[in-house]
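Colleague: Submitted below is the structure of interest, expressed as structure tokens.
The values are calculated or read from the model by the stated rules, or taken from the named source; none is laboratory data. The structure displayed is predicted, hence computed values, not measured ones. Cβ placement follows ideal geometry from the backbone for every residue including glycine, while neighbour counts extend to all protein chains displayed.
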């Protein structure tokens, strides 16, 4: 009895001690959470602050300059990563492809841009062939519009070093008027190749048993598990794809020494970067060089002029080019500032009285006009205050007031126009494998993946937003979950039913599930080098029981249900289960064919002839299935990028092509853009208040329901 009491007392003290430790640990954890939260808030606040300061900054660029597009340390991506660790650990900087293309579009219309130097690296940092083609087309577009005004030079330290392939980089450089590299470099135009590693032999050796199901013979994504070499259908598909992407190139003997490449006309000179810059400067007209010299020699008087003077050299980096002529936000800031200054002059907050006016005259200024009554000390002309002179002054004053009222009214109308958002074309990106939602599940979406739940919510928001009149969906995805792809495709069909056209624009890859979500769109665009198609279905499971048994690992199973071991790697599928899998594959494949047929206006049998899991280049996909006599459609409607997709979306929605009348917005916006929009747009503020009231009402109803009856 006593022993039991002693043990109980000891257990009670240990429980109290454990509770104390738990409370201390909880306190430390709470403090750590608060510190982490404070750090996150500080980081976000700092980011918004510097973004806001950059938004306010308005720097006057030189009267003439050449533009430097330095891509040597840039990695072109569809959408920049929001993970700060990615930005810190990577030695390269991420730049969104469409942002770069928009900068080139802005620069081509600026008369101050008198040349361009594209600095390319030896690495393949520009994505796949489709991204290269879209960027190259933008460079060619600049070259055509600025012909005779702004020559385009391309420079790279090397086009493929140490056995690396420089074909893609040189392909991009070939859009320039002239191409240069150093005399000690190398030009490696090695062509295109595709090497597939097969692991079936290794799996057989370690007795791992893969079971693969596919529809149909060209569906080869899991070929490494199925054999030890290309099968005939796979080899045929890859060969056709490479020929289409290469366009007959790659026959040039390579790598080439610099002088050999120059003699063959592949290079325009062997120069270092500083020499290329000097040669580009020498191409500028003498009057432009004189303007540059004057801009550099002018002493800065203010901080803004000092900042501008730092840019008053002959070279302006691409990062500044985005602000050439003022982007939409620069225009918003500068015009609003001018309007505020004009409004301030009406209220007397800024006075333009002469230095001869006394302090008493300044203090007697009329608030409505900022003009002072004349005093004896300020009268210089006896006729100035005669009846005729006063009548002239009154007339001048009335004219000035009318002019100021017109300016104020114009400013008010402009600000009101900024609040009343014009019709929008929403551009959004789906990049990465398509998965169902986010979280800890095996098929969950993470960084660099397409979260179907999030994408569906965004598509639904665009459908319900009356300002969004059309949607451009940029797709760069190899596919993924069939269910997730179907959920996205459903929302795209609902957008079309709501009268909002959808244009799908393919990037490097839009295959399998990537094509599934493109099929319901009104129009599909791709680059010639886009990898698309792959209309088929795959499923696989890995059996490891025999492999682990070699190392003494055994398993035993207790099951309730005939198919409880369906997904277990310690059991092989029974004949009945394999038959069920085959039936599921047929149903999924049949649904895929039906969706493509409905979206493209084709029969299911015609789609099957183009499907079978076959992969097409963008150029092949546009031709595939087209019948000129019958006006049939291919898998792709047109070759083009996002800019062309926006034009098509405007046409389908009946919107004017004038940029001032239609707004192109990116969905979802970046955190900084969303913050600025929420903070400055009155319509967003009203919507936020309405949602807040609804939530408060819902909480009140929940409390009423949870309250126990008296």
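Colleague: Name the residue, out of 194, 185, that is over 15 Å from residue 257 (Cα atoms) and either in a loop (DSSP other than H, G, I, E, B) or not assigned by TED's automatic domain parsing to the domain that holds residue 276 (or both).
Modeller: Just a single option satisfies the conditions, and that option is 194.
To keep it simple, each residue is scored yes or no on (1) farther than 21 Å from residue 73 by Cα; (2) at pLDDT 85 or above; (3) out of contact with any strand residue (DSSP E or B) (no Cβ under 6 Å at 6 or more places or on another chain); (4) part of a strand (DSSP E or B).
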residue	(1), (2), (3), (4)
117	no, yes, no, yes
125	no, no, no, no
144	yes, yes, yes, no
154	no, yes, no, yes
163	no, no, yes, no
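Colleague: For the stretch 497-511, give me each residue that is out of contact with any helix residue (DSSP H, G or I) (no Cβ under 8 Å at 6 or more places or on another chain) and more than 17 Å from residue 638 (Cα to Cα).
Modeller: Those that are out of contact with any helix residue (DSSP H, G or I) (no Cβ under 8 Å at 6 or more places or on another chain) and more than 17 Å from residue 638 (Cα to Cα): 497, 499.
Colleague: Which of the following residues is in a helix (DSSP H, G or I) and at pLDDT 90 or above: 202, 241?
Modeller: Values: 241 fails: at pLDDT 90 or above.
None of the others qualify; the one that does is 202.
Colleague: Then there's this: Test residue 319 against the criterion of being outside any strand (DSSP E or B), within 20 Å of residue 153 (Cβ to Cβ) and modelled with pLDDT of 75 or more, and give yes or no.
Modeller: In short, no.
Colleague: Would you confirm whether or not the stretch 560-582 contains a residue that is crowded, with 20+ Cβ neighbours inside 10 Å and not in a loop (DSSP other than H, G, I, E, B)? Step through it out loud before you land on a result.
Modeller: Restricting attention to the stretch 560-582, the residues satisfying the condition of being crowded, with 20+ Cβ neighbours inside 10 Å are none.
Checking the stretch 560-582: not a single residue is crowded, with 20+ Cβ neighbours inside 10 Å and not in a loop (DSSP other than H, G, I, E, B).
Colleague: Of the conditions (1) part of a loop (DSSP other than H, G, I, E, B); (2) surrounded by fewer than 20 Cβ atoms within 10 Å (Cβ to Cβ); (3) touching a helix residue (DSSP H, G or I) at 6+ places or on another chain (Cβ under 9 Å), residue 210 satisfies every one except a single condition; which number is it?
Modeller: (1)
Colleague: Another question about this same structure. Could you count how many residues in the stretch 478-523 are assigned to a loop (DSSP other than H, G, I, E, B) and either touching a residue at least 24 places away in the same chain (Cβ under 8 Å) or touching a strand residue (DSSP E or B) at 6+ places or on another chain (Cβ under 8 Å) (or both)?
Modeller: Quick first cut of the stretch 478-523, residues assigned to a loop (DSSP other than H, G, I, E, B) only: 478-479, 481, 498-501, 512, 519-522.
When the remaining residues are screened for being either touching a residue at least 24 places away in the same chain (Cβ under 8 Å) or touching a strand residue (DSSP E or B) at 6+ places or on another chain (Cβ under 8 Å) (or both), the result is 478-479, 481, 498, 500-501, 512, 519-522.
Total meeting the criteria: 11.
Colleague: For residue 535, all conditions in the list (1) outside any loop (DSSP other than H, G, I, E, B); (2) in contact with a helix residue (DSSP H, G or I) (Cβ under 9 Å, 6 or more places away or on another chain); (3) within 30 Å of residue 610 (Cα to Cα) hold save one; what is the number of the exception?
Modeller: Result: residue 535 passes all but (1).
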